[in-house]
1. Would you calculate, for the chain, the mean residue ellipticity at 222 nm contributed by helices, counting each DSSP H stretch of 4 or more residues as -39,500 (n - 2.57) and dividing by all residues, to the nearest 500?
2. Are any of the pairs LYS69/LYS232; LYS82/LYS232; LYS69/LYS325; LYS74/LYS412; LYS234/LYS389 more than 21 Å apart by Cα-Cα distance, and if so, which?
3. List, in order, the whole-Hz ³J(HN,Hα) value for each residue of region 307-317 obtained from phi through the Karplus relation with A = 6.51, B = -1.76, C = 1.60 and θ = phi - 60°; use x for Gly and Pro.
4. Treat each spin label as a single point 7 Å out from the Cα along the C-beta direction, and report the LEU322 to SER8 distance in nm.
5. Just to be sure I understand the model, the point goes 7 Å from the Cα along the line to the Cβ. What's the resulting ILE367 to ILE419 distance in nm?
6. Round to the nearest 0.05 the FRET efficiency obtained for ASN290 and VAL86 when R0 = 45 Å and r is the Cβ-Cβ distance.
7. Kirkwood hydrodynamic radius (Cα pairs, Å) of region 246-361?
8. Name the long-range amide H neighbours of VAL127: under 5 Å, sequence gap of 5 or more, or other chain; modelled H, no Pro or chain starts.
Amino acid sequence: MNSDEHWSSRLMFILAATGSAIGLGNVWRFPYVAGLYGGGTFIIAYIGMLILFVIPGMAMEISAGAEAKDHFFKGFKKLLGKFWFVSFLPFFMCLIIFPYYITINGWVLFYFVSSISGSAPVFTEAVNGWGLALGSILALVIVSIVSAMGIQRGIEKLNLCVAPMLFIAMIFLVVNVMGSSGASKSIEFLTKVDLGALANPQLLIAAFTQALFSLSVGVGIMFTYGSYLTKKSKLLNSITEVAVLDTAFSLLSSLLIFTLVFTFAMSPATGPALIFETLPNTLGLIPFGNILLPLFFLLLFCAATTSAVSVIEVLVSGVMSLGLKRGKALSVVLAGISVFFIAAVLSYSPVGLKIFGMPVINFFDEIIVGHGAPIVMTTMVLALAWKWKNAGRAFSSTFSPFFGKIFYSITKYILPLTILLQML
Ligand code: PHE
């Protein structure tokens with residue numbers, strides 16, 4: 001790989017992995033799924049699935065990338081030999097995730113701009129115009145520019161500005177809403193645990209999928225970011241730090257959103273519309289709402305941009321495996337995703353493009369990502385655990401022999417249980 005295709009320090013890697021992890025998944029998805037599954041009960045299931053499966057899977061992905069130190073497909077070929085074709089699955093996932101993720105990020109940008117002027121339309125009205133589509137195109141342009149600049153000049157600089165700002169803005173927002181009347185109910189909802197419900201396989205699989213999605217594990221991102229590491233030192237610390245920061249961000253978002261939900265007597269279980277339809281109205285109504293609302297959308301846009309940058313990096317790295325330079329590889333990627341992107345953008349526009357009776361973007365989200373992500377992650381991690389000959393040794397030397405053994409055994413023997421869980 002090129003000499004500037006690596007992180008300049010361990011901190012930069014942590015910031016990039018955290019930037020990838022924190023995104024729409026924390027602010028939009030976590031609260032609505034937690035709302036559907038009873039608040040505190042979901043949080044306990046989430047933390048359990050995170051520690052049991054997702055952190056070991058993440059360890060496997062990062063250490064494989066760090067050992068391969070090569071562009072995506074070439075890297076997998078180095079480790080898996082003739083089984084390298086397994087890497088098509090995560091690559092395909094990113095090919096679908098990227099266009100839909102960037103489309104939604106464009107809506108956030110549209111809401112940011114229109115909330116500054118105090119004229120944010122409700123979502124059902126916004127789809128009758130081209131504002132959302134324009135936002136999506138702009139979001140794509142911004143991410144493409146960062147990606148074209150490369151690892152150190154593009155991705156690192158972006159994360160260095162965005163990551164600290166996210167936490168400052170989120171804490172500011174939370175502090176501002178905590179004076180509202182719904183605060184204590186919100187805390188109660190998020191800490192109430194129904195132990196009996198923890199045996200519900202649907203809850204467990206929802207928690208597993210959310211933890212995977214939120215930490216960007218299982219779709220090749222951690223493999224790609226791991227391949228830019230020069231040293232493998234303190235990987236366990238880095239992984240723990242990313243997981244703690246990501247979980248803290250999801251919990252802060254939930255506190256913010258449920259405080260608004262309970263202050264304005266809404267239902268916590270409204271599903272995916274939770275932030276896009278209801279939040280803009282409520283946040284605007286509390287003191288300083290006219291400042292807090294654009295701040296919220298700006299925060300969300302920045303968070304999602306650092307995530308989108310990580311998804312396109314898998315695609316760029318994949319194409320660079322063919323020997324192309326970054327700029328050319330990026331053009332190939334943009335041409336490759338264009339059809340999916342246009343289809344995703346048109347699904348919530350005056351055209352209202354549908355597939356099998358549902359907006360195309362819902363099809364991408366629910367069918368391909370919702371059902372595909374856990375299967376793709378499990379397949380990729382199992383392939384690495386069983387077919388990467390050096391996996392056991394690499395694990396012991398990267399982590400301690402103790403953690404190495406635990407992680408290796410989990411990825412090799414216990415992870416397949418998640419497939420059974422999905423069949424229940
Ligand atoms: N982790 C990101 C989030 O929480 C989403 C994401 C998932 C990004 C998978 C890339 C790949 O928003």
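Laboratory data are not the source of any read-out in this text; all were calculated from the coordinates shown. These figures come from a predicted structure and were not determined experimentally. Here the Cβ positions follow ideal geometry from the backbone for every residue, glycine too, while neighbour counts run over all protein chains shown.
1. Working: 20 runs with 285 residues, N = 424.
Calculated at 222 nm, the ellipticity per residue is -22000 deg cm²/dmol.
2. Numbers: LYS69/LYS232 11 Å; LYS82/LYS232 26 Å; LYS69/LYS325 17 Å; LYS74/LYS412 23 Å; LYS234/LYS389 23 Å.
Over 21 Å apart, Cα to Cα: LYS82/LYS232; LYS74/LYS412; LYS234/LYS389.
3. Coupling constants for region 307-317: 6, 4, 4, 6, 6, 5, 5, 4, 5, 4, 4 Hz.
4. Each label point lies 7 Å from its Cα, and together they span 3.2 nm.
5. The modelled label-to-label distance comes out at 2.3 nm.
6. On the way: r = 51 Å, r/R0 = 1.12.
Efficiency computed from Cβ-Cβ geometry: 0.35.
7. On the way: mean 1/r = 0.0575 Å⁻¹.
Result for region 246-361 stands at 17.4 Å.
8. Distant-sequence amide H within range of VAL127: zero hits.
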